[in-house]
Amino acid sequence: MAARFIIHCNVPQWGSDKCEDQLEKTVKNCLSAAEDKKLKSVAFPSLPAGRNGFPKQMAAQLILKAISNHFVSSTSSSLKNIYFVLFDSESIGIYLQEMAKLDAK
């Protein structure tokens, strides 16, 4: 996937103080940076579920919650597509399950 910009972020370590809030804030900041650049799409790898030790389900829930909150609170957005870079079928299943929960609300 070609990228015009790469937004670097510091992902919290699972079990660190306020790691869940920090992860949501990290995603929020990435989305804000993308909006500032008027980007139309952004891709999120499931970074916290790798070396940072977040349980995959928890990482998906927090990332999707932050993205959902961003669009609920935004009156207009340049972002039209959000991509998730996932490397195993378990993660894909988890993200699909968590997105279905958001759709049901």
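No value in this document is a laboratory result; all are computed from the given coordinates. Quantities reported herein were computed from a predicted structural model and do not represent experimental measurements. Because the Cβ atoms are built from the backbone with ideal geometry, glycine has one as well, and the counts that use them run over all protein chains shown.
If you count, for each residue, the other Cβ atoms within 10 Å and average over each peptide, how do 32-40, 4-12, 73-81, 55-63 line up from highest to lowest?
Output ranking for 32-40, 4-12, 73-81, 55-63: 55-63, 32-40, 4-12, 73-81.
Using 0.36 nm per residue of separation minus the Cα-Cα distance, give me the extension gain between Leu102 and Ser89 in nm, one decimal.
2.7 nm
Which of the chymotrypsin sites (Phe, Trp or Tyr not before Pro) across segment 47-84 are loop residues per DSSP, with 10 or fewer other Cβ within 10 Å?
Passing sites in segment 47-84 do not exist.
Given Cβ point charges of +1 (Lys, Arg) and -1 (Asp, Glu) and nothing else, what value in debye, to the nearest 20, does the dipole of the chain about its Cα centre take?
Using Cβ point charges on Lys, Arg, Asp and Glu, the chain gives about 340 debye.
Any chance you could count the Lys pairs in segment 19-104 whose alpha carbons are under 27 Å apart, treating pairs 8 or more apart or on different chains as valid?
28
Roughly what % of Cα-Cα distances in the chain sit above 23 Å, to the whole percent?
When every Cα pair of the chain is considered, 25 percent fall beyond 23 Å.
Tell me which of Ser46, Trp14, Ala34 sits at the most positive position along the dipole axis of the chain, charges placed on C-beta atoms (Lys, Arg +1; Asp, Glu -1).
Ala34
May I ask for the angle, rounded to the nearest 10°, between helix 19-36 and the longest principal axis of the chain, with both axes built from Cα atoms and the value confined to 0 to 90°?
20
Any idea which of Ile63, Phe87, Ala3 is furthest toward the positive side of the dipole for the chain, if Lys and Arg beta-carbons carry +1 and Asp and Glu beta-carbons -1?
Checking the options against the dipole of the chain, the answer is Ala3.
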